[in-house]
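First up is the structure itself, then whatever we jot down about it.
The values are calculated or read from the model by the stated rules, or taken from the named source; none is laboratory data. Treat the numbers as computed from the prediction; the structure is a model and nothing was measured. Here the Cβ is made from the backbone with ideal geometry for all residues, glycine too, and neighbour counts use every protein chain on show.
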Amino acid sequence: MAAGRRVRSGGAVRAWAMGLLLIVAVSEAALPPLIDRRVERAVASGFPLKDSVAARARAFPAVRMLLGQFDRLDLDIRGARLAGLRVDSIKVRSIGARAPLSDFAPSSVRWARALGDSEVTASISDADINDYLGGRDDALRTFSVAFADGLVRLDGAISFAGLNVSVRSQGHLVIEDGDRLAYAVDKLSVERSQLPGFLLDMLEGKIELGVDLSGLPFGISLEGMRVEAGVVHVYGRTGEGGLVP
């Protein structure tokens, strides 16, 4: 009799353990994609104009994410428009983010608070900068920028006293105020004519190219950049606590 009870008890324990393992297996498989989609919808609401948003949220066990605890949260925002400039890619990598799932709601940017001190990489193409320059209403609307490996050129033409004066320059990008890029001229060549002083001052100073990341839902502090053929990659970290009160 006692042996039979032990057998039945052991079988119940095994069944309970198997049931628990099944629940864990199902939650590990089902929860991440569900939470990914919730995060994507919330983040997309912080970028009214964009091409796509992809999220990858992970924790072990996955049920911890229901409590707002993430081991890792990766975001990839493609084609976001910031003040008229298209940014090809914004990637955020957050380790140990803490945010209740209620913060990841459409039309809310409370999720940005969870991304403090996360790694950020943004990639901007020279083609998108040129589209932005072409829509300006100042002298830079006729200019175009070109990125090569480690090199930046800004060339164009300026109308002055009935003449179109070709301007060619080579320079480098600099970070201003932690969230903007500007172009600094190293070499300047002007065709046929001397430009007036105010235009020379503009070209020999730092030129705003419209690369301004201050409008992101989370704060950002740029730390460096890498210029490649056709694209500049800037990298830094999100501000602790983001921009959300």
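Things worth noting here:
- Of all residues in the stretch 103-120 being in a helix (DSSP H, G or I) and out of contact with any helix residue (DSSP H, G or I) (no Cβ under 8 Å at 6 or more places or on another chain), the one that is surrounded by the most Cβ atoms within 10 Å (Cβ to Cβ): 115
- Single residue of the stretch 55-84 satisfying the filter (among the small types (Gly, Ala, Ser) and closer than 21 Å to residue 113 by Cβ) that is surrounded by the fewest Cβ atoms within 10 Å (Cβ to Cβ): 68
- Some residue of the stretch 102-119 being of a type in the set (S, T, N, Q), closer than 30 Å to residue 69 by Cα and without any contact (Cβ under 8 Å) to a residue 60 or more places away in the chain: yes
- Within the stretch 44-54, being hydroxyl-bearing (Ser, Thr, Tyr) and exposed (fewer than 14 other Cβ atoms within 10 Å of the Cβ) holds for one residue alone: 52.
- Extreme residue, modelled with the highest pLDDT, among residues of the stretch 185-205 that are part of a strand (DSSP E or B) and surrounded by 16 or more Cβ atoms within 10 Å (Cβ to Cβ): 185
- The sole residue among 218, 147 that is modelled with pLDDT under 90 and either outside any loop (DSSP other than H, G, I, E, B) or closer than 24 Å to residue 109 by Cα (or both) is 218.
- Among the residues of the stretch 169-180, at least one is touching a residue at least 12 places away in the same chain (Cβ under 8 Å), touching a Ser or Thr at 6+ places or on another chain (Cβ under 8 Å) and exposed (fewer than 14 other Cβ atoms within 10 Å of the Cβ).
- Looking across the stretch 39-69, the residues that are of a type in the set (A, V, I, L, M, F, W, C) and more than 16 Å from residue 102 (Cβ to Cβ) come down to 44, 47, 49, 53, 54, 55, 59, 60, 62, 63.
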